[in-house]
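Worksheet for the structure shown next.
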Amino acid sequence: MSITIETPRSPRSRKSAKLEKYGWLYMRASGALLLVLIFGHLIANLFVGEGIRAIDFGFVGGKWATPFWRIWDGIMLWLALIHGTNGMRTLVNDYAERPWVRKSLVVTLWAVCGVLILLGTLVITTFDPCPANSLPELLPSFCTNK
Amino acid sequence: MATAVAKPVIPEIPTFNVTLFVRRFDPETGEEAKWQDFDVQVHGTDRVLDALHKIKWEIDGSLTFRRSCAHGVCGSDAMRINGRNRLACKTLIKDLDINAPIYVEPIKGLAVEKDLIVDMNPFYQAYRDIKPFLIASDKPEKERLQSAEDRARFDDTTKCILCAACTTSCPVFWTDGQYFGPAAIVNAHRFIFDSRDEAASTRIEILNDKEGVWRCRTTFNCTEACPRGIQVTKAIAEVKQAILRGKP
């Protein structure tokens, strides 16, 4: 009489988690920075001066005439999009069980994120507050004063 | 001369009727699991486990569940009672809403074998994977001394009874059976922060895995579920910090 002993379960596959670790750190660091950036942005746009009524093309043009706000908005764009996409990626990993669904969703997420960052950065870096041939009343005051 | 001793007045224990809805699954028929209701009369001092015993012993002997010590120490009878993971032997029926039916189902995320019994092997495997034993280089010839402060560092995580209430309350574990789960991390914490143990870095390396501590979403389900009151989420956070530091 012999007893068959089940073969031991295969050990848990070891997968390096360098990315997971840095992802976790990034979420915390960018989260803290975004708190300052977003609330700074909201206060500057909605509270200071005339508040929400002041927002128009001229307002944005005026803001982006200084490198300070371009850098501010640029950092906010990059941090927020990567933060949001990474958050969505963890949700996908939590709920998408089939490997191909998971893979295609994650690839789509990062592709969308990449396109948005590219377009946003393009706008911020190449923005011209005084485009030629526009109605003068739509432009910030410093365009016509020149 | 005999003095009259006043008999202590023991108030009568109230009895009441409750309805239990138990999630039943029979592997022999292979039919989908379904709810079955039982009406039982219980005492005010009874626990959910007593009601289950009453059903098994007096109404339907085929009802299957695990229990060993029946006093909250062995961790055999973790089950989902009214949607929360608890030990049936530590949950007094009077503390639940007795005007509504009590729902009892197996813990989630592990394969159901029969009625309230689940396959605990994946859970134990995660526990084994974190090497839950003292690893020390010197020979065990004399007592390994430790200060009270050093002992207090991991006191909370020594309380674990491996009932799986935390791990099976974790939404990440429900969808990803490969995740180590709170219980394994708690037991790793118990050794990582033990001053007598020398393999903290090994365990840190094991838990710095794709399926390790970084999967934790700090939802606190585990802390709420733990029948021993272990601050599970805090322990996981401490292991995360130990990984970032590279040492306990």
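Miscellaneous remarks
- Flag if B:THR233 is open to solvent by less than 10 Å² (accessible area, probe 1.4 Å) and more than 14 Å from chain A (Cβ to nearest Cβ): yes
- Residue ID - nearest to B:TYR179 (Cα to Cα), chosen from residues in the range B:208-230 that are of a type in the set (Asp, Glu) and facing chain A (nearest Cβ under 9 Å): B:GLU211
- Boolean, B:ALA126 is open to solvent by 20 Å² or more (accessible area, probe 1.4 Å), farther than 30 Å from B:LYS56 by Cα and not in a loop (DSSP other than H, G, I, E, B): no
- When B:ILE10 is tested against (1) out of contact with any strand residue (DSSP E or B) (no Cβ under 7 Å at 6 or more places or on another chain); (2) open to solvent by less than 100 Å² (accessible area, probe 1.4 Å), just one condition goes unmet, and that condition is (2).
- Applying the condition of being hydrophobic (A, V, I, L, M, F, W, C) and outside any helix (DSSP H, G or I) to the range B:182-202 and asking which residue is nearest to the other protein chains (Cβ to nearest Cβ) yields B:ALA199.
- Pair list, Cβ < 8 Å and 6+ apart or interchain, from the range B:159-188 residues that are more than 17 Å from B:ASN85 (Cα to Cα) to residues that are basic (Lys, Arg) and open to solvent by less than 10 Å² (accessible area, probe 1.4 Å): B:ALA188/B:ARG203
- In the range B:54-77, the residue that is farthest from B:ARG228 (Cα to Cα) out of those that are among the charged types (D, E, K, R) and open to solvent by less than 50 Å² (accessible area, probe 1.4 Å) is B:ASP60.
- Residue count for the range B:78-108 satisfying the condition of being at positive phi and either among the hydroxyl-bearing types (Ser, Thr, Tyr) or open to solvent by less than 40 Å² (accessible area, probe 1.4 Å) (or both): 1.
- Subset tally (residues that are free of Cβ contacts under 8 Å to residues at least 60 places away in the same chain, of a type outside the set (D, E, K, R) and out of contact with any Leu (no Cβ under 8 Å at 6 or more places or on another chain)) for the range A:64-76: 6
- Test result for B:ILE13, part of a loop (DSSP other than H, G, I, E, B) and more than 21 Å from the chain's Cα centre (by Cα): yes
- Elements of type helices (runs of 4 or more DSSP H) contained in the range A:18-107, each with 3 or more residues being charged (D, E, K, R): A:18-42, A:67-95
- In the range A:76-100, the residues that are β-branched (Val, Ile, Thr) and open to solvent by less than 40 Å² (accessible area, probe 1.4 Å): A:THR85, A:THR90, A:VAL92
- Within the set B:GLU143, B:GLU149, B:GLU205, the sole residue that is within 12 Å of another protein chain (Cβ to nearest Cβ), free of Cβ contacts under 8 Å to residues at least 40 places away in the same chain and either farther than 30 Å from B:ALA88 by Cβ or basic (Lys, Arg) (or both) turns out to be B:GLU205.
- Test: residue in the range B:172-181 that is open to solvent by 20 Å² or more (accessible area, probe 1.4 Å), touching a Gly at 6+ places or on another chain (Cβ under 6 Å), outside any loop (DSSP other than H, G, I, E, B) and within 14 Å of chain A (Cβ to nearest Cβ): yes
The values are calculated or read from the model by the stated rules, or taken from the named source; none is laboratory data. Everything quoted here is computed from the prediction, not taken from an experiment. Methodologically, a virtual Cβ is constructed for each residue, glycine included, from the backbone with ideal geometry; neighbour enumeration extends over all protein chains shown. Remember, those area values only see protein heavy atoms, side chains included, never the ligands or the DNA or RNA. Shrake-Rupley method; radii C 1.70, N 1.55, O 1.52, S 1.80 Å.
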